[in-house]
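**Student:** Can you keep this structure in mind? I'll have questions shortly.
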Amino acid sequence: MSAPSLRSTAEWRALARHWRSLRGTTLKQLFDGDAKRGTRLVAKGVGLYLDYSKNLVTDDTLRLLRQLAKARGVFARRDAMFRGDKINETEKRAVLHVALRAPRNERILVDGTNVVPEVHEVLDRMAAFSEKVRAGEWRGHSGKRIRNVISIGIGGSDLGPVMAYEALKHYSRRDMTFRFVSNVDPTDFVEATRDLDAAETLFVVCSKTFTTLETLTNAHAARDWCLQKLGGNEAAVAKHFVAVSTNAKEVEKFGIDTANMFGFWDWVGGRYSMDSAIGLSTMLAIGPEAFRDMLAGFHAMDEHFKSAPPESNLPLLMGLIAIWYNDFFGAQTVAVLPYAQYLKRFPAYLQQLTMESNGKHVTLSGEHVDYATGPIYWGEPGTNGQHSFYQLIHQGTRLIPCDFIGFMHSLNPLGGQHDLLMANLFAQTEALAFGKTPEQVRAEGTPEWLVPHRVCEGNRPTNTFLADSLTPHTLGALIALYEHSVFVQGAIWHIDSFDQWGVELGKQLANKLIPQLQDQNDPDLEHDSSTNALIRRYRAARTEAR
Ligand code: G6Q
């Protein structure tokens, strides 16, 4: 029996009616009508303070959204995920990134086996290896200590480590170089290695499947580079390559000793894997203790999601607010705007987390949805974004809900500069909410013809997150918050947030096309006329160059 369509549920219809009644209400009216709104519509947890008062919501909105969550089984599905049920239905897998940060004494069963001890066994091996490299005990083939670490991976096997390295650079070893190679464009590899000494370089090849074209190609390029620079002795590979994968067979085939392999499990989705051995480069950079602090931050948010009451449950609130704008206001995007330079890759990381998870057009039972799913997430750090795309948020014709993220203390205090940064954050959320009226514009002596251009309508919704400072623990909590917000949204839409068949299609198609570009003789092309012509044009240019 299939569940009633989302739009025909009583809870959805109640929300639609409520939206119609609220449509004309402005944030200014909501604030004028409740002097305490700015301190009342806030929630706290795991060191994060969320002010959600500048959203187009009332207490009724939130109550109705919570009722929708209940009716759609969000809480039961959450408990099923934590229990290890196979909630990734199309891949018949458990979804247990939460087990990657579970304390040693926890028990989480997958097919009757407690997976927590395996998780800690790998973490301990990662820690021992990281300590050795950081202490200069793990030496390269020629006996030199390792000073450079290059992580090779793509998608879920890259974006987390890149983001975490940038975010936690303050805590990283400054006498070591960390780089990341992901693109199959040879430029990525060449630029990452051009100034490095192979004798001091360690490659961490990260691939869950160990069959991904980009990663394997770059790993082979790395192997060739290494051997060429180090005199061609195959024995060098053991000292300069480690692998992170679930596929021991392919790792061995590549030539990496499985003693130098760090494993994980099929119940860890790529985009949820930065806490697994995929985070080895993060651990090498910040050390095992700080890495464990980060895991503790993730875990604390897991616990909060599991047990905080719905009214103050941060991921639930975030997920419900996202649904409200996406499905009732028709907002197509969410901007994430960290006021922290270290978080410059955070929006890119979130793009995969949110859009690969919830970019789905059918429900779990395979029916085409008749409501919008996954919004587009995007963003850049403030204040830079203020000098470019914020214009559209302030005065454009689209509603763009924004998440602002700021910290009380800078990790690099420099005079009053942090105050300037935060003044900008607060000013932006205020301006977006309340704008500038024609009267205010006129009062500044603006000529009448210019008034409409200078008016900012306001009523642009924002969330503001404040935390003490950017620590590994805070970063973990922040990421887990978004992971679970994505979960809440997917659960309400009844979609599989944990598969990625669109990504799989891309992987297959490119593999088919490669021989057609490289064939010495003219291949028979059976694509559409556009693709055929593009291939022919490319082949002709390449043949001429040869
Ligand atoms: C993540 C996706 C995808 C994946 C990459 C790399 O959820 O499935 O981004 O992480 O395609 O895959 P491998 O780790 O198998 O190389």
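**Student:** Quick one: how many residues across the range 475-508 are assigned to a helix (DSSP H, G or I), in contact (Cβ under 8 Å) with a residue 24 or more places away in the chain and charged (D, E, K, R)?
**Tutor:** 2
**Student:** Could you list, ordered by first residue, the pairs with Cβ atoms under 6 Å in which the first is in the range 206-224 and aliphatic (A, V, I, L, M) and the second is more than 10 Å from the ligand (Cβ to nearest atom), at least 6 apart or interchain?
**Tutor:** Going by the 6 Å Cβ cut-off, the qualifying pairs are Ala221/Phe189; Ala222/Phe203.
**Student:** Report, ordered by the first and then the second residue, all pairs with beta carbons closer than 7 Å, sequence separation of six or more or different chains, a first member in the range 37-64 that is modelled with pLDDT of 95 or more, and a second member that is of a type in the set (Ser, Thr, Tyr) and assigned to a helix (DSSP H, G or I).
**Tutor:** Ala43/Ser312; Gly47/Thr474; Lys54/Thr429
**Student:** Tell me, which residue of the range 158-169 that is within 16 Å of the ligand (Cβ to nearest atom) and in a helix (DSSP H, G or I) is farthest from Pro288 (Cα to Cα)?
**Tutor:** Leu159
**Student:** Got at least one residue in the range 442-457 being open to solvent by less than 60 Å² (accessible area, probe 1.4 Å), closer than 20 Å to Asp51 by Cα and either modelled with pLDDT of 95 or more or out of contact with any Leu (no Cβ under 6 Å at 6 or more places or on another chain) (or both)?
**Tutor:** no
**Student:** Scan the range 444-474 for residues that are assigned to a strand (DSSP E or B) and of a type outside the set (Phe, Trp, Tyr) and jot them down. Spell out how you get there, then give the answer.
**Tutor:** To start, the set of residues in the range 444-474 that are assigned to a strand (DSSP E or B) comprises 456, 462-467.
Listed by number, the residues that qualify are Cys456, Thr462, Asn463, Thr464, Leu466, Ala467.
**Student:** Out of all the residues in the range 518-537, is one or more within 16 Å of the ligand (Cβ to nearest atom) and more than 29 Å from Asp370 (Cα to Cα)? If you could, list the steps in order and put the result at the bottom.
**Tutor:** Looking only at the range 518-537, we keep the residues that are within 16 Å of the ligand (Cβ to nearest atom), and these are none.
Checked the range 518-537: no residue is within 16 Å of the ligand (Cβ to nearest atom) and more than 29 Å from Asp370 (Cα to Cα).
**Student:** Does Asp197 qualify as being without any contact (Cβ under 8 Å) to a residue 40 or more places away in the chain, open to solvent by 10 Å² or more (accessible area, probe 1.4 Å) and more than 16 Å from the ligand (Cβ to nearest atom)? Don't jump to the end; show me each part of the working.
**Tutor:** Numbers: without any contact (Cβ under 8 Å) to a residue 40 or more places away in the chain: no; open to solvent by 10 Å² or more (accessible area, probe 1.4 Å): yes; more than 16 Å from the ligand (Cβ to nearest atom): yes.
It is false that Asp197 is without any contact (Cβ under 8 Å) to a residue 40 or more places away in the chain, open to solvent by 10 Å² or more (accessible area, probe 1.4 Å) and more than 16 Å from the ligand (Cβ to nearest atom).
**Student:** How many residues, within the range 159-177, are surrounded by fewer than 22 Cβ atoms within 10 Å (Cβ to Cβ) and in contact with a Lys or Arg (Cβ under 9 Å, 6 or more places away or on another chain)?
**Tutor:** Matching residues across the range 159-177 total 6.
**Student:** Could you say which residue among Ile278, Ile321 is β-branched (Val, Ile, Thr) and more than 17 Å from the chain's Cα centre (by Cα)?
**Tutor:** None of the other options fit; the residue is Ile321.
**Student:** Let me ask another. Quick one: Gly490 ticks every box in (1) under 38 Å from the mean Cα position of the chain (by Cα); (2) over 27 Å from Leu68 (Cβ atoms) bar one, so which box is it?
**Tutor:** (2)
**Student:** Further question: Would you pick out the residues in the range 200-241 that are more than 16 Å from the ligand (Cβ to nearest atom) and either aromatic (Phe, Trp, Tyr) or not in a helix (DSSP H, G or I) (or both)? Spell out the reasoning first.
**Tutor:** Filtering the range 200-241 down to residues more than 16 Å from the ligand (Cβ to nearest atom) leaves 200-202, 223-240.
Result: Thr201, Leu202, Trp225, Leu230, Gly231, Gly232, Asn233, Glu234, Ala235.
**Student:** Sticking with this structure for a sec: Surrounded by 19 or more Cβ atoms within 10 Å (Cβ to Cβ), within 16 Å of the ligand (Cβ to nearest atom) and at positive phi: does that describe Gly155?
**Tutor:** Yes.
**Student:** I've got another one for you. Filter the helices (runs of 4 or more DSSP H) completely within the range 249-358 down to those with at least 1 residues that are modelled with pLDDT of 95 or more, small (Gly, Ala, Ser) and within 16 Å of the ligand (Cβ to nearest atom).
**Tutor:** The qualifying helices (runs of 4 or more DSSP H) are 280-286, 346-351.
**Student:** Also: What is the number of the single condition among (1) open to solvent by 10 Å² or more (accessible area, probe 1.4 Å); (2) within 24 Å of the chain's Cα centre (by Cα); (3) not acidic (Asp, Glu) that Arg134 does not meet?
**Tutor:** For Arg134, the failing item is (2).
**Student:** Take the residues of the range 367-402 that are hydrophobic (A, V, I, L, M, F, W, C) and closer than 20 Å to Leu320 by Cβ: which is nearest to the chain's Cα centre (by Cα)?
**Tutor:** Of the residues in the range 367-402, the ones hydrophobic (A, V, I, L, M, F, W, C) are 369, 372, 376, 378, 389, 392-393, 399-400, 402.
If we keep only those that are closer than 20 Å to Leu320 by Cβ as well, we get 369, 372, 376, 399-400, 402.
Details: Val369: 24, Ala372: 21, Ile376: 12, Leu399: 23, Ile400: 19, Cys402: 16 Å.
Among those that are hydrophobic (A, V, I, L, M, F, W, C) and closer than 20 Å to Leu320 by Cβ, it is Ile376.
**Student:** Spot the failing condition for Leu22; the list is (1) open to solvent by less than 30 Å² (accessible area, probe 1.4 Å); (2) within 29 Å of the chain's Cα centre (by Cα); (3) not polar (S, T, N, Q), and only one is missed.
**Tutor:** The single condition Leu22 does not satisfy is (2).
The values are calculated or read from the model by the stated rules, or taken from the named source; none is laboratory data. None of these values were measured; they are calculated from a predicted model. Reconstructed Cβ throughout: ideal geometry from the backbone, glycine too, with neighbour counts over all protein chains shown. All accessible areas refer to the heavy atoms of the entire protein, side chains included, with ligands and DNA or RNA removed. Shrake-Rupley method; radii C 1.70, N 1.55, O 1.52, S 1.80 Å.
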